[in-house]
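Data first, discussion second: the structure below is written as structure tokens.
The values are calculated or read from the model by the stated rules, or taken from the named source; none is laboratory data. Remember, it's a predicted structure, so these values are computed and weren't measured experimentally. Here the Cβ positions follow ideal geometry from the backbone for every residue, glycine too, while neighbour counts run over all protein chains shown.
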Amino acid sequence: MNTVYDKEVRLKLLKLLEQDHNLTQREMNQKMGVSLGKVNYCLTELAKKGMIKVERFQKHQKKSAYLYRLTPTGIEEIAKLTIQFLKYQVHQYDEIKAEIEYLSKEINKIDSEFCNDPALKEVLKKILT
């Protein structure tokens, strides 16, 4: 669980549990847009690492339900992951901005009137100033 994608999923899952610890795994998977298996795997790993505590209780006569409570370690992990993800996003933004600047200069070398899309020009003006 160390790729950027895995960290993003872990952060989303922890934040989701912070908001509502009564969610089922199926509700988590629907809200997050990841597979049920991925949710199950992540919950298992978070529990192993002590970031969540899984409590089982009887919901109905024949079915059990689970509560997923954040531990202090889980709350700390949210803060760490938020900072890591913010740094990653800022880095991505810087790379994309540099690419936009490069492409804009290339278009201007060819012909500044070549791009006659006013909406694009307005967005570029905001980005490049």
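Do we have any residue at all in segment 1-13 that's touching a strand residue (DSSP E or B) at 6+ places or on another chain (Cβ under 7 Å), modelled with pLDDT of 95 or more and within 23 Å of L86 (Cβ to Cβ)?
Start the filter on segment 1-13 by keeping residues that are touching a strand residue (DSSP E or B) at 6+ places or on another chain (Cβ under 7 Å), which leaves none.
Looking through segment 1-13, none of the residues is touching a strand residue (DSSP E or B) at 6+ places or on another chain (Cβ under 7 Å), modelled with pLDDT of 95 or more and within 23 Å of L86 (Cβ to Cβ).
Residue-by-condition table, conditions (1) at pLDDT below 95; (2) touching an Asp or Glu at 6+ places or on another chain (Cβ under 9 Å); (3) within 30 Å of T129 (Cβ to Cβ):
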| residue | (1), (2), (3) |
| --- | --- |
| K15 | no, no, no |
| A47 | no, no, no |
| M51 | no, yes, no |
| E77 | no, no, no |
| H91 | no, no, yes |
Checklist entry - If we keep just the residues of segment 19-34 that are outside any helix (DSSP H, G or I) and either free of Cβ contacts under 8 Å to residues at least 12 places away in the same chain or under 13 Å from the mean Cα position of the chain (by Cα) (or both), which is nearest to G74 (Cα to Cα)? => result D20
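Given the residues L128, L70, L124, L81, which is the only one that is more than 19 Å from N2 (Cα to Cα), touching a helix residue (DSSP H, G or I) at 6+ places or on another chain (Cβ under 8 Å) and in contact (Cβ under 8 Å) with a residue 40 or more places away in the chain?
L70
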Checklist entry - Which ones in segment 91-101 are within 17 Å of K126 (Cβ to Cβ) and free of Cβ contacts under 8 Å to residues at least 12 places away in the same chain? => result Y93, D94, I96, A98, E99
Checklist entry - Mind checking whether some residue in segment 96-114 is of a type in the set (G, A, S), part of a helix (DSSP H, G or I), at pLDDT below 95 and surrounded by 15 or more Cβ atoms within 10 Å (Cβ to Cβ)? => result yes
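Checking the condition out of contact with any Lys or Arg (no Cβ under 6 Å at 6 or more places or on another chain), of a type outside the set (S, T, N, Q) and over 30 Å from V4 (Cα atoms), which residue from E76, E18, E106 passes?
Values: E76 fails: over 30 Å from V4 (Cα atoms); E18 fails: over 30 Å from V4 (Cα atoms).
When all the criteria are applied, what remains is E106.
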